[in-house]
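Trainee: Next up is a structure, given as structure tokens.
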Amino acid sequence: MMVAFLSEITENSKTSNTKVGLVTALQGATELVTAFPAGWAADRFSRSRIISLGGIILLVSIGATGYAVISSATDLGPESFYLLAMGLGFFGFAQGIINGPAQALLADSLTTGIRDVYYNWLFILYLLGSTVGPLLAVILFSIWQGYTSHNEHWPIPYLRTVILIGLGLEVPCALLMFLFRDDRSLGAASRAITEKRGGSERGSEDSERGSEPLLRGMPADVAAEVEEEIGKEDEVKTAEEIEEEREEAAIEAEWMREAGRMTGCGGWLNPSHVPYILFCSSLVISIASGMTIKFFPLFFKNDVRMSPAEVQTIYFIVPIVMAMCSDMGVKISKYVGRSQTSVLLRLIGLACFGGMVILYHLNVNRWLVVVLYVVRTAFMNSTYPIDEGILMDYVPKNQRARWKALESVASFGWCGSAMIGGVIADKKGYTFTFLVTITMQFTATMIFSLLTTVVSKTTVDDVRQRRKQTREQQKEKEGGVDGEGGGQDATCQDKEPDTVAVPVDIPFSDISIPIHIRSPTPSPRQSADRTGPVNIPVPAVSMPITINTPNRVAHTVGGPLGSAESPGSGVEGFRRRWTQSSSLRSVHPVGSF
């Protein structure tokens, strides 16, 4: 509606496309000016505060644009055009401030490796919300002048009413900008694959020396951060819940290690190049898209000769089909890979775009042209959740707002190319501009295809399933060993058992933890009462242990530890006997104590 309104209020219809492109370029320029400072400030200070500042400017831009639209009721001269351009320029300021910090804060709040799922939900909600405006326009224009009524000029009063309703719907969005909070974001779970790691890269070996085998494979600092996050609510969590969280952290660490080792193009590309490839591809495709996106409504209005209600019907259907394609793309990516899926969707979209131009020149039914346009737009834009997930998985947390701000360069290219596209459309026509766009978008797709060699096809779910299968195999193996042992015991039922488990309470500093100490079966000369409770002070460590004592030293340690019959006293005496007994060390390593 805004594009049509700008076109109608310009005095010289021969340059209306050029002026539409000029306003779009201005909006992109103002976004570029504010995006970099806002991104730097969000990474350096507080993202939520920068977003709140953007919310204030968004409210100002709504007011300024609304005033420009209302003032055009009494003056359709150049002043109205310039006022509207200024209002849209304020929108560029607001977008430049909000987009980078908001996207970075969202990425910080999502777990690495599964962001595309959440970005898909966000994208679908955004698309479904964007159907409200076109649906409202279809209803109003159908009431005002009929659904299929076509005029060379769309009624300005009707356009003005629809735009003002849309601006009113922007107000709740601006108020939501004041509700973001930095302290609700995640910690280590949202770190990037290429995040600079502390500690040794041999994470699995380092963690084996620690006390949490479920966190094996994590760098020491990351594992400590995960433990801190898990421990924040330990008092309200069960042991099973804590173990599940640690298992999920281990799965994430394993997937990140695998993804971080990927290389492509004979070793020339590695994961650190992923954001740069994405940016180059995005820049080219934005420049190409900017030449045509703003002019599709005018193409349907002027060349295809559709009514306002019919054009708005297209823009009501497009988001719905786009949401379906987006969800389909995310599901396909789990089987063929994220970057591979994105390339496939873009190639299908380009094929439909070319088919649309051919059908238009063949003068076929206009609704076939519309169908190909809808499919083209849906496939080309449905890659957003996948592309955004890849970018945020490979950009360090402390640089995400700046990388999102860098996208404003692509946005400026998009807006700047709109001015060029307007000039070409005035001189060569819309379809010639479409062919230029197809060529450039294909080039961008080929640049993006480099990611197929360096972005891992393995997903977090794949790692989770693999670990599950490994545990099941280990259980089966252990079950087989136990079964063999049981068969041997069955053949030697008359043999005296080697050990017997005796429960004892051992105070660990101020805590008394029940454990089992395996002590030899008492002989007839020795009473079972001799293996009663013992107190072993362990001031530094509090953990359950199991001590296995072979028959060979039964009469030495079979009685109470530290008694008159035992050389030495307490734990130190037992350690000394342990060290002196070579047979004991060979059967039960000291590391299990």
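Residue by residue, here is whether (1) over 22 Å from the mean Cα position of the chain (by Cα); (2) surrounded by fewer than 18 Cβ atoms within 10 Å (Cβ to Cβ); (3) more than 30 Å from Ser289 (Cβ to Cβ) holds:
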position	(1), (2), (3)
Met446	yes, yes, no
Val454	no, no, no
Lys457	no, yes, no
Val463	no, no, yes
Gln469	yes, yes, yes
Gln474	yes, yes, yes
Glu478	yes, yes, yes
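Trainee: Just one of Val20, Val3 is at pLDDT below 85, open to solvent by less than 10 Å² (accessible area, probe 1.4 Å) and in a helix (DSSP H, G or I); which is it?
Mentor: Within the list Val20, Val3, the selection yields Val20.
Trainee: Turning to a different aspect of this structure: Can you name the helices (runs of 4 or more DSSP H) wholly within segment 213-317 that have at least 1 residues being modelled with pLDDT under 90 and closer than 25 Å to Met2 by Cα?
Mentor: Here the list reads 274-290.
Trainee: Is it the case that Ile348 is farther than 30 Å from Gly146 by Cα and in contact with a helix residue (DSSP H, G or I) (Cβ under 8 Å, 6 or more places away or on another chain)?
Mentor: It is true that Ile348 is farther than 30 Å from Gly146 by Cα and in contact with a helix residue (DSSP H, G or I) (Cβ under 8 Å, 6 or more places away or on another chain).
Trainee: Follow-up. Asn363 passes all but one of (1) over 21 Å from the mean Cα position of the chain (by Cα); (2) crowded, with 22+ Cβ neighbours inside 10 Å; which number fails?
Mentor: That leaves (2) as the condition not met.
Trainee: Another question, then. Can you list residue pairs whose Cβ atoms sit under 8 Å apart, with the first residue in segment 161-181 being part of a helix (DSSP H, G or I) and the second being surrounded by fewer than 16 Cβ atoms within 10 Å (Cβ to Cβ) and among the hydroxyl-bearing types (Ser, Thr, Tyr)? Count only pairs 6 or more apart in sequence or on different chains.
Mentor: none
Trainee: Condition (residue is in a loop (DSSP other than H, G, I, E, B) and of a type outside the set (Val, Ile, Thr)) applied to segment 79-95: is it met by at least one residue?
Mentor: no
Here's the yes/no breakdown for (1) in contact with a helix residue (DSSP H, G or I) (Cβ under 6 Å, 6 or more places away or on another chain); (2) at pLDDT below 85; (3) exposed (fewer than 14 other Cβ atoms within 10 Å of the Cβ):
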| position | (1), (2), (3) |
| --- | --- |
| Gly129 | no, no, yes |
| Glu170 | yes, no, no |
| Arg184 | no, yes, yes |
| Ala189 | no, yes, no |
| Thr194 | yes, yes, no |
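Trainee: Also, I was wondering about something else. Looking at Val463 and the list (1) out of contact with any strand residue (DSSP E or B) (no Cβ under 9 Å at 6 or more places or on another chain); (2) not in a helix (DSSP H, G or I), which single condition is not satisfied?
Mentor: All conditions are met except number (2).
Trainee: Taking Pro385, is it within 30 Å of Trp40 (Cβ to Cβ) and open to solvent by 10 Å² or more (accessible area, probe 1.4 Å)?
Mentor: When the stated conditions are applied, Pro385 does not pass them.
Trainee: How many of the residues making up segment 417-444 are open to solvent by 20 Å² or more (accessible area, probe 1.4 Å), over 35 Å from the mean Cα position of the chain (by Cα) and of a type in the set (A, V, I, L, M, F, W, C)?
Mentor: Looking only at that region, the number is 3.
Conditions tested, residue by residue: (1) touching a residue at least 40 places away in the same chain (Cβ under 8 Å); (2) under 20 Å from Asp116 (Cβ atoms).
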position	(1), (2)
Gly354	yes, no
Leu372	no, no
Lys397	yes, yes
Ile420	yes, no
Val423	yes, no
Asp426	yes, no
Phe448	yes, yes
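Trainee: Can Tyr394 be described as within 30 Å of Gly100 (Cβ to Cβ) and of a type outside the set (S, T, N, Q)?
Mentor: Judged against the criteria, Tyr394 is a match.
Trainee: Here's another thing I want to ask about it. Please verify whether Gly66 is crowded, with 21+ Cβ neighbours inside 10 Å and either within 25 Å of Ala418 (Cα to Cα) or among the basic types (Lys, Arg) (or both), treating the condition exactly as stated.
Mentor: no
Trainee: I'm told Gly28 meets every condition in (1) over 21 Å from Tyr158 (Cα atoms); (2) modelled with pLDDT under 85; (3) open to solvent by 30 Å² or more (accessible area, probe 1.4 Å); (4) not charged (D, E, K, R) except one. Can you identify the failing condition by its number?
Mentor: Every condition holds for Gly28 apart from (3).
Trainee: Criterion first (charged (D, E, K, R) and free of Cβ contacts under 8 Å to residues at least 12 places away in the same chain) does Arg115 satisfy it?
Mentor: It is false that Arg115 is charged (D, E, K, R) and free of Cβ contacts under 8 Å to residues at least 12 places away in the same chain.
Trainee: How many residues does segment 105-136 contain that are of a type in the set (Gly, Ala, Ser), within 24 Å of Ile332 (Cβ to Cβ) and part of a loop (DSSP other than H, G, I, E, B)?
Mentor: Adding up the residues that qualify gives 1.
The values are calculated or read from the model by the stated rules, or taken from the named source; none is laboratory data. These numbers come from a predicted model, not from an experiment. Glycine gets a Cβ as well: all are built from the backbone with ideal geometry, and neighbour counts include every protein chain shown. Heads up: the accessible areas ignore ligands, DNA and RNA and are worked out on the full protein's heavy atoms, side chains in. Shrake-Rupley method; radii C 1.70, N 1.55, O 1.52, S 1.80 Å.
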